[in-house]
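A short worksheet on the structure shown next.
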Amino acid sequence: AARRKVAAVATQLVGDEVAASRLGAVTSAVAKDLHRANTAASLGVYLAPVGHNGELVMEFGGDVPESAALRLGAFFDRIQRGNDGVTAALSYEGAVGADRVARLQSLVQQKTRDELMQEVREQNLALEESLENLKRTRSARDRLESELNIGREIQMSMLPLTFPAFPEHQTFDIFATLHPAQQVGGDFYDMFLMDEARLCFCVGDVSGKGVPAALFMAVTKTLIKSFAAHERSPARILEQVNQEQAVGNESCMFVTILLGVLDIHTGQLTFSNAGHNPPLLRRRGGEIERLDARHGPIIGAMEDLDYGEDSFHMQPGDLLYLYTDGINEAMNSERELYGEERLLESLQGLPMEAGAELAVQGSVNPVWAYQGDAPQADDVTVLALCFRGEAGASSVPSLSLVLQN
């Protein structure tokens, strides 16, 4: 194929088909010798202007033996031997028009059948390699996705998912939901009875997303339940959780937590807020209070921190609403935030007799409607606690005593 290309170009330049065929034959022979010698040989053909005339230049790259160079010298006008191979040039006389030069250049640059076949073979090899890489990537991705799905199932199984959660108790109603933005997330909630009179509940939001956040969430949730087994104060529980999570926290992860303890008989609620969104309290008359008190910084950032707490009485019909910032920071396709004002409107629009489940669903569904086709930006977690009270509980006097530290 190289011989035919050289012969065709030389015929156009020198006008002698016999001489051009001999040039093509010797070129092909030298190229074959280099190929048989298994050297890293290359063959280049191009036209070079020399004054008013020009040259057909052929470059033989590689270890060209002396005998091959002598063979080339018998047919080419100029032979130049260098470190990288041999350059052979055939001179032609007379000015060549631009159109003719363009046609010759096109002929020189035209790929031979061997070159085309080599390109096809290289492309086939590249395609086969890409397919193998794709198979390996898909297999690894499928395994990862399967493991993440299993992780999601394990994470969700750690949360209370059966509602009503405490059907044997009629004095309160509690409901919660969690929607991770990825397969696994860092939000969590929990609710459990500390004893016959106290309900402990919490909502948390770990920094970041994915597997690291899920692991940090699992440890935090376990620590809360462990310390709550022998401690009744939300502030003291958070202090112990913070101490455990801050020691050796080289990844610098943290979690915000709202932890509360409710006396299910009297409605006395004590809570501690560690850097979390302020909870909302909807009174039985419909007015909504924002409990802005912050009792300490985020959990896990620093050791030896003290946390405070506050207490108030829930009246029959009062509803406490806890949430993570996946609610108020949800965005639509225009990247506009949902905001707390829309959340307050959804709570105010609920019927006065709405229970915990209706409060959760009635506040989360508007978020999905607002978000539309936009991707979920963050985990969404909501917990609602409705205090019903006991018969005659409102007539029982209560005493609150505040002692200065």
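Sort LYS209, LYS135 by heavy-atom solvent-accessible area, probe 1.4 angstrom, most to least. Each step should come with its number before you reach the end.
Values: LYS209 85, LYS135 130 Å².
Largest to smallest exposure gives the sequence LYS135, LYS209.
Apply the Karplus parameterisation 6.51 cos²θ - 1.76 cosθ + 1.60, with θ equal to phi minus 60°, to every residue of the stretch 241-248 and state each ³J(HN,Hα) to the nearest whole Hz, in sequence, with x for glycine and proline.
Whole-Hz 3J(HN,Hα) from phi for the stretch 241-248: 5, 4, 4, 5, 6, 7, 5, x.
Per-residue counts of other Cβ atoms within 10 Å, averaged by peptide: what ranking do you get for 216-222, 257-263, 59-65, highest first?
Details: 216-222: 20.3, 257-263: 25.0, 59-65: 18.1.
Answer by packing, highest mean first, reads 257-263, 216-222, 59-65.
For labels at ARG284 and ASP373 in the simple 7 Å Cα→Cβ model, what's the distance in nm?
Modelled inter-label distance: 4.8 nm.
Using a/c under 1.5 as the rounded threshold, could you call the stretch 275-405 rounded, prolate or oblate? The axes a ≥ b ≥ c are square roots of the C-alpha gyration tensor eigenvalues, and prolate needs a/b larger than b/c, oblate otherwise.
On the way: a/c = 2.88, a/b = 1.28, b/c = 2.25.
It is oblate, given that a/c is not under 1.5 and a/b is not larger than b/c.
Tell me the volume per residue, in Å³, of the convex hull enclosing the alpha carbons of the stretch 258-312. Could you put the intermediate results ahead of the total?
Details: hull volume 4.3 nm³, N = 55.
So the per-residue Cα hull volume is 77 Å³.
The values are calculated or read from the model by the stated rules, or taken from the named source; none is laboratory data. Fair warning: this is a prediction, and the values are worked out from it, not measured in the lab. So basically every Cβ, Gly included, is an ideal-geometry build from the backbone, and we count neighbours across all protein chains shown. Keep in mind that these areas ignore ligands, DNA and RNA; they rest on the heavy atoms of the full protein, side chains included. Shrake-Rupley method; radii C 1.70, N 1.55, O 1.52, S 1.80 Å.
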